[in-house]
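The values are calculated or read from the model by the stated rules, or taken from the named source; none is laboratory data. Predicted model, so just to flag it, every value in this text is computed and none were measured. Please note: Cβ atoms are built from the backbone with ideal geometry, for glycine as well, and neighbour counts cover all protein chains shown.
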Amino acid sequence: MSVAAHPAQKRVLAVLVTAQILSGAGLAAGITVGALLAQDMLASTSLSGLPSALFTIGSAATAVIVGRVSQRLGRRVGLSVGYAAGAAGSSGVVIAAATGNVVLLFISLFVYGAGSATNLQARYAGADLAAPQQRGRAVSTVLVATTVGAVAGPNLVTATGGLAASLGLPRLAGPFLLASVAYAAAAAVLWVMLRPDPLTTARALAAQAPQPQEESPVPATSHRAHLLLGASVMVLTQVVMVAIMTMTPVHMQHHGHDVSAAGLVIAVHIAGMYLPSPFSGLLVDRFGRLAVAAASGITLLGAGLVAALAPPQSTWLLALALGLLGLGWNFGLISGTTIITDAVPLATRAKVQGRIDVSIALSGAGGGMASGVIVAASSYSVLAVIGGVLALAIIPAVARTARA
C-alpha cells in the first residue's frame, strides 16, 4: 500500500496540516512567555523553569490519554479531545494572570500541556496510512505545518500583549489568549473533518488483506532494539532542547533584551524545529533512520557550543544557536518517530506511541526544571555545554542498534 494509491491519505494529511497550522500558534505561547510570566508572578529566577516543567508533565499525562483513546476510538477523537483540553488550560492561564492566582497558574499550565502533547501525537496520524518507505515524509508533512502558527505566535507577542492590555489583562497573558482560540479551532477542525479516521482505516485494511504482510522494514528479531533506540533518541533530544530553550528568554532578559527580541529568537528556534521537516523526512527515507538519528546528536552539540560562546548581547548568534537546537530536535523527532512506527504493529501502535510520548514529555519536564536550577547555580553557558555534551549519547546508542 502506497500513500499515492490510497485515496484517504491525501485528505488525512490535508486535515492534519490545517489543524497543525492552527495549533502551532497555541504551542508557541508557553514557550515564548511562560517562563517570563512565572518569573513575574513568583519573583524568582530559580523557579522560572517551572512553567516548562508543568506543561511538559501535563503533556505526559495527556499523551497516555490521547494514545489510549486513539487506540480505542481512533485518531479523530483522541486528537480532538487533546486540543480541547489545551484550549481550556490556555484560558485558565489567562484567568490566573489576571487574578494573580499562582495555584490556578500551576494547574492551568499543567492542563495547557495537553495541546503540546496532541500537537506531537498528530505526527503519528500522518504515518498510519503511509507505506514504510514513505513514512519519514508523511511524518514531516504533518510537522512542517506547525511552522506557520508556531513561528507567527512568538512574533505576535507585542500585538497580543496589546490586546490583553486593552482588555485589562497583563500583557504576558496575551499569547495565551491566542493559544485558547488556536487550540479550540484545531479541535473543531479535527472533530468535523478527520474522516475517514487514519488509524481505524489502516486497521480495517490490514484485517481485510488475504495474507497480511509484515509492514515493518525492521526485522522481527530486532524490533525491541529499534523500539528502545527510537524512544531514546526522542527522549535525549527533548531533554536538551527544552533545557536550553526554556532559559534562553530569561538569559536574554537579564542582559537587556526586550520581549520582542526574545520572541524573535524563539521564532527562529521554532522554525528550526518544524520548517526543515520535509528535508528531514526525505533524509530519513533515503539514507535511513539511524543516520539521521546520529546527525541529531551532532547538531545539538553544535547548538550547545554556539549558545555557550555567543555574547549575551548578540541576538543573532543566540538565534543561530536556537535555530540549530530546533534542527537537532527535528532530526531526532522524525527519525525516532519513524523508527517507532516501523517497529510497532497496528494492533498496539497508538497505545505504545502514547507511552513513548510520556517518556518524552517527562524527560522534557526534567530538563525544564533542571535548567533553572543549573543557571541559578552556575550560568546559561554551562547549561548549554552540558546539553550539547549530553546529546552525544545518541551516537553510541545508534551504533549499538546498527550492530543488533
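Looking at the stretch 327-347, can you tell me whether even one residue there is crowded, with 24+ Cβ neighbours inside 10 Å and over 27 Å from residue 129 (Cβ atoms)?
So far as the stretch 327-347 goes, yes, one or more of its residues are crowded, with 24+ Cβ neighbours inside 10 Å and over 27 Å from residue 129 (Cβ atoms).
How about the stretch 117-133: which of its residues are assigned to a helix (DSSP H, G or I) and of a type outside the set (D, E, K, R)?
Selection gives 117, 118, 119, 120, 121, 122, 124, 125, 126, 127, 132, 133.
With the condition kept exactly as written, say whether any residue in the stretch 361-379 is among the β-branched types (Val, Ile, Thr) and within 21 Å of the chain's Cα centre (by Cα). Break it down stepwise before answering.
Within the stretch 361-379, the subset among the β-branched types (Val, Ile, Thr) is 373-375.
Adding the requirement that they be within 21 Å of the chain's Cα centre (by Cα) leaves none.
Within the stretch 361-379 (the criterion being among the β-branched types (Val, Ile, Thr) and within 21 Å of the chain's Cα centre (by Cα)), the answer is no, since none of the residues qualifies.
Within the stretch 329-342, is there a residue that is closer than 17 Å to residue 266 by Cβ and assigned to a helix (DSSP H, G or I)?
Kept after step one, since they are closer than 17 Å to residue 266 by Cβ, are these residues of the stretch 329-342: 329-330.
Subsequent filtering for residues that are assigned to a helix (DSSP H, G or I) retains 329-330.
Yes, the stretch 329-342 contains a residue that is closer than 17 Å to residue 266 by Cβ and assigned to a helix (DSSP H, G or I).
From the list 398, 358, 385, 373, pick out the single residue that is out of contact with any helix residue (DSSP H, G or I) (no Cβ under 8 Å at 6 or more places or on another chain) and hydrophobic (A, V, I, L, M, F, W, C).
373
Please indicate, with yes or no, whether at least one residue in the stretch 224-233 is closer than 28 Å to residue 108 by Cα and either at pLDDT below 90 or touching a Phe, Trp or Tyr at 6+ places or on another chain (Cβ under 6 Å) (or both).
Within the stretch 224-233, not a single residue is closer than 28 Å to residue 108 by Cα and either at pLDDT below 90 or touching a Phe, Trp or Tyr at 6+ places or on another chain (Cβ under 6 Å) (or both).
Confirm whether residue 373 is over 30 Å from residue 70 (Cβ atoms) and part of a helix (DSSP H, G or I).
On the way: over 30 Å from residue 70 (Cβ atoms): yes; part of a helix (DSSP H, G or I): yes.
Yes; evaluated as a whole, the condition is true for this residue.
Going by the structure shown, is residue 305 modelled with pLDDT of 95 or more, out of contact with any strand residue (DSSP E or B) (no Cβ under 9 Å at 6 or more places or on another chain) and either crowded, with 23+ Cβ neighbours inside 10 Å or within 15 Å of residue 268 (Cα to Cα) (or both)? Before you say what the answer is, go through the steps one by one.
Details: modelled with pLDDT of 95 or more: yes; out of contact with any strand residue (DSSP E or B) (no Cβ under 9 Å at 6 or more places or on another chain): yes; either crowded, with 23+ Cβ neighbours inside 10 Å or within 15 Å of residue 268 (Cα to Cα) (or both): no.
No, not satisfied.
Which one is surrounded by the most Cβ atoms within 10 Å (Cβ to Cβ), of the residues in the stretch 359-398 that are more than 17 Å from residue 339 (Cα to Cα) and of a type in the set (Val, Ile, Thr)?
So the residue we want is 375.
Taking residue 264, is it modelled with pLDDT of 85 or more, closer than 20 Å to residue 127 by Cβ and in a helix (DSSP H, G or I)?
It is false that residue 264 is modelled with pLDDT of 85 or more, closer than 20 Å to residue 127 by Cβ and in a helix (DSSP H, G or I).
Residue under question is residue 130, and the condition is that it be buried (at least 24 other Cβ atoms within 10 Å of the Cβ), small (Gly, Ala, Ser) and under 22 Å from residue 188 (Cα atoms); does it hold?
no
Filter the stretch 238-253 down to residues that are polar (S, T, N, Q) and closer than 12 Å to residue 304 by Cα, then give me how many there are.
Selection size over the stretch 238-253: 1.
Between residues in the stretch 337-353 that are under 20 Å from residue 143 (Cα atoms) and residues that are among the small types (Gly, Ala, Ser) and in a helix (DSSP H, G or I), which pairs lie under 6 Å by C-beta distance while being six or more apart or on different chains?
If the second residue must be among the small types (Gly, Ala, Ser) and in a helix (DSSP H, G or I), the pairs left are 338/136; 339/230; 340/230; 341/127; 350/67; 350/70; 353/67.
Can you find even one residue in the stretch 94-103 that is outside any helix (DSSP H, G or I) and either basic (Lys, Arg) or surrounded by fewer than 20 Cβ atoms within 10 Å (Cβ to Cβ) (or both)?
Within the stretch 94-103 (the criterion being outside any helix (DSSP H, G or I) and either basic (Lys, Arg) or surrounded by fewer than 20 Cβ atoms within 10 Å (Cβ to Cβ) (or both)), the answer is yes, since at least one residue qualifies.
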